[in-house]
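Chemist: Take this structure first; my questions come after.
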Amino acid sequence: MTSIRFLVLALFLGLVLAACGPSPSGNGGAPESVTPTAQPMQASGAAPAQDLARTDNEGAVTLVVTPLNLGNPGATLDFDVAMNTHSVDLSMDLTTLATLTTDTGRAVQAIRWDAPQGGHHVEGKLSFPASVDGASLLQGAAKLTLILRNVDAPERAFVWEIPK
């Protein structure tokens, strides 16, 4: 019975170490870098998620941000945010660190960060109000910028073009 427990524990530790170790591609498990400049959306207003993902590798934390409802916002504009590191505690509350702005001058602070607290691999949903003073945040905008401050770098900007 003791040898079975030892075998189970050894398998579990092996899986944990493999998950946090370098990937077979040799890039250390870091997501492929995507230039954080805007990429046009398809004419329908929807684009595949991989076309909308933006990556920032500054500092010891890699962030991948993907809009979830940019082409069809409801009461909120939502973004999937994945943070990965091997040296920084990711227990920060992104609602206090995130701002969404447009090229028309409208800006809103995040209102919700729905993610587990702490660890080195955190993924969650970051939400912003979709309107400012009764008007759509995206009305008349050609560009949307999400700014994250103090996530192991002074400032990170993620930019998307808004379909007309």
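The values are calculated or read from the model by the stated rules, or taken from the named source; none is laboratory data. Since the model is a prediction, treat every value here as computed from it, not as a measurement. Note: ideal-geometry Cβ built from the backbone for every residue, glycine included; neighbour counts use all protein chains shown.
Chemist: Please state which one of 74, 140, 119 is of a type in the set (Gly, Ala, Ser) and farther than 24 Å from residue 51 by Cβ.
Modeler: The match here is 119.
Chemist: Sticking with this structure for a sec: Could you tell me whether segment 104-125 includes any residue that is over 16 Å from the mean Cα position of the chain (by Cα) and of a type in the set (Gly, Ala, Ser)?
Modeler: For segment 104-125, residues over 16 Å from the mean Cα position of the chain (by Cα) and of a type in the set (Gly, Ala, Ser): present.
Chemist: Same structure, new question: I want to confirm something. Restricting to segment 77-125 and keeping residues that are part of a loop (DSSP other than H, G, I, E, B), modelled with pLDDT of 95 or more and of a type in the set (A, V, I, L, M), which single residue is nearest to residue 152 (Cα to Cα)?
Modeler: 97
Chemist: Mind counting the residues in segment 126-137 that are assigned to a loop (DSSP other than H, G, I, E, B) and more than 17 Å from residue 66 (Cα to Cα)? Before you say what the answer is, go through the steps one by one.
Modeler: Initially, segment 126-137 is screened for residues assigned to a loop (DSSP other than H, G, I, E, B), giving 130, 133-134, 137.
With the extra rule that they be more than 17 Å from residue 66 (Cα to Cα), the set shrinks to 133-134, 137.
Here the count works out to 3.
Chemist: I've got another one for you. Keeping to segment 84-102, report how many residues are touching a Gly at 6+ places or on another chain (Cβ under 9 Å) and within 21 Å of residue 164 (Cβ to Cβ).
Modeler: 1
Chemist: Same structure again: Looking at 55, 95, which one is free of Cβ contacts under 8 Å to residues at least 60 places away in the same chain, buried (at least 18 other Cβ atoms within 10 Å of the Cβ) and of a type in the set (S, T, N, Q)?
Modeler: 55
Chemist: Next up: Go through segment 138-164 and count every residue that is in a strand (DSSP E or B) and touching a residue at least 60 places away in the same chain (Cβ under 8 Å). Talk me through it step by step, then tell me what you get.
Modeler: We begin by selecting, within segment 138-164, every residue in a strand (DSSP E or B); these are 143-149, 155-161.
So of that shortlist, the ones also touching a residue at least 60 places away in the same chain (Cβ under 8 Å) come out as 143-144, 146, 148, 156-161.
Residues that pass the stated criteria total 10.
Chemist: Further question: Please find, within segment 120-145, the residue that is surrounded by the fewest Cβ atoms within 10 Å (Cβ to Cβ) out of those that are more than 17 Å from residue 160 (Cα to Cα) and of a type in the set (D, E, K, R).
Modeler: So the residue we want is 133.
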